[in-house]
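Written below as structure tokens is the structure these notes are about.
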Amino acid sequence: MTTTWTLSGFGDEIDADPVVQLSVLQALGANHIEVRSAWGTNIVDLTTDQLDTLKTLLDQREMGVSAIASPIGKVDVFGDADAELARLDRAVAAAHHLGSRYIRLFSFYRGEDVPVEAIRDTVLARMRAFADVAEREGLILVHENEKDIYGDIPARVLDLIESVGSPALRVAWDNANFVQCGVRPFTDGYAQLRPYLEYLQVKDALADTGVVVPAGEGDGELLETVTALRDDGFAGFASLEPHLADQHSLGGFSGPAAFGRAARAFAALTQSIGVQTV
């Protein structure tokens, strides 16, 4: 029996224009898109008219939305809690509008001299509030491990998920981000986080420099990870987030050609273990 995963990708890594985003993704064999921004505007700032236009484009191409790639939680943990909840409300509205059940988010930065232990209780309280919203709305929040946030290494991701204890808060696994934190993703984190792993962000990185590279070309133990996911029965989204041309605090950019290179690298990896992407 063939294992099948659903291929998606960050459209704004291709181009600011969603028409180009969707065209390239479809040419690469994807029938879903992860929406972080369109027309140069972040998903939580799109107007209702812009969401309507985006939905029309998606429907015309019979494309689905794998996740709303929000920037929620990429702020200082002691900042305005109400403002971040308001952004979550807009992400929820976008998810309902575009027909996605997943919202990607993060677990907060801290000041330069603030020890990570000092923010734990505040992080957990704020993530619990986010989970309450998701539970009420019938959505799932997927937390992406990101350098310098509370949930940057496996032990703290596990603490976060288990302490909040909500079925609406799960793991978006990112091998490259773990590498950038000095973690061997599969060796150091897979077993403990697999019970909560709901969504796969696809990129790799070099351990000595942190530079992001296509899947399987770095030190992110991508082959071990995808093989284990295959064997564990994973059947979710695999979302391409190449970051091959630029990487910054709110995301990254690749351009069509580099995005295609990243897609082909991941296809070679999945095909080598008998996984089909659709």
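Laboratory data are not the source of any read-out in this text; all were calculated from the coordinates shown. Fair warning: this is a prediction, and the values are worked out from it, not measured in the lab. Using ideal geometry, Cβ is built from the backbone for each residue, glycine included, and neighbour counts are taken over all protein chains shown.
One-quarter of the Cα convex hull surface for region 24-159, in nm²?
One quarter of the hull surface, i.e. the mean projection, equals 9.1 nm².
Near the amide H of V211, under 5 Å away, which other amide H atoms are found, from residues 5 or more places off or on another chain, if H is placed in the peptide plane?
L206
Order 189-200, 163-174 from most to least packed using the mean count of other Cβ atoms within 10 Å.
Order by mean packing, descending: 163-174, 189-200.
Could you give the C-alpha radius of gyration of region 3-277 expressed as a fraction of 2.2 N^0.38 Å, taking N as the number of residues it contains?
In units of the globular-protein estimate, region 3-277 measures up at 0.93.
Apply the Karplus curve 6.51 cos²θ - 1.76 cosθ + 1.60, θ = phi - 60°, to the phi angles in region 173-183 and return the couplings in whole Hz, x for Gly and Pro.
So the Karplus estimates, Gly and Pro as x, are 8, 10, 4, 5, 4, 4, 4, 5, 9, x, 9 Hz.
Taking only C-alpha pairs under 8 Å that are 6+ residues apart, what is the relative contact order of region 29-70 in percent?
65 percent
Under the Karplus relation 6.51 cos²θ - 1.76 cosθ + 1.60, θ = phi - 60°, what is the ordered set of whole-Hz ³J(HN,Hα) values for region 48-53, x standing for Gly and Pro?
So the J values, rounded to whole Hz, are 4, 4, 5, 5, 4, 5.
Please turn the phi angles of region 24-37 into ³J(HN,Hα) values with the Karplus equation 6.51 cos²θ - 1.76 cosθ + 1.60 (θ = phi - 60°), one per residue in order, whole Hz, x for glycine and proline.
5, 4, 5, 4, 8, x, 9, 10, 9, 9, 9, 9, 9, 7
With each pseudo-label sitting 7 Å past Cα toward Cβ, what's the A81-A191 distance in nm, one decimal?
Spacing of the two 7 Å Cα→Cβ label points: 3.7 nm.
Would you please give the residues with an amide H less than 5 Å from that of A69, counting only those at least 5 places away or on a separate chain, with H modeled from the backbone geometry?
When sequence neighbours closer than 5 places are left aside, the close amide H contacts are V35, R36, R104.
Ratio of region 58-108's C-alpha Rg to 2.2 N^0.38 Å, to two decimals?
Ratio of Rg to 2.2 N^0.38 Å for region 58-108: 1.30.
Using 0.36 nm times the number of residues separating D49 and R136, minus their current alpha carbon distance, what extension gain do you get?
That works out to 28.8 nm of additional length.
Using packing as a proxy for protection, rank 69-82, 8-21 so that the peptide with the highest average count of other Cβ atoms within 10 Å comes first.
8-21, 69-82
So what are region 157-278's ellipsoid semi-axes, whole angstrom, largest first, if each one is the square root of 5 times an eigenvalue of the alpha-carbon gyration tensor?
They are 22, 18, 14 Å, listed from largest to smallest.
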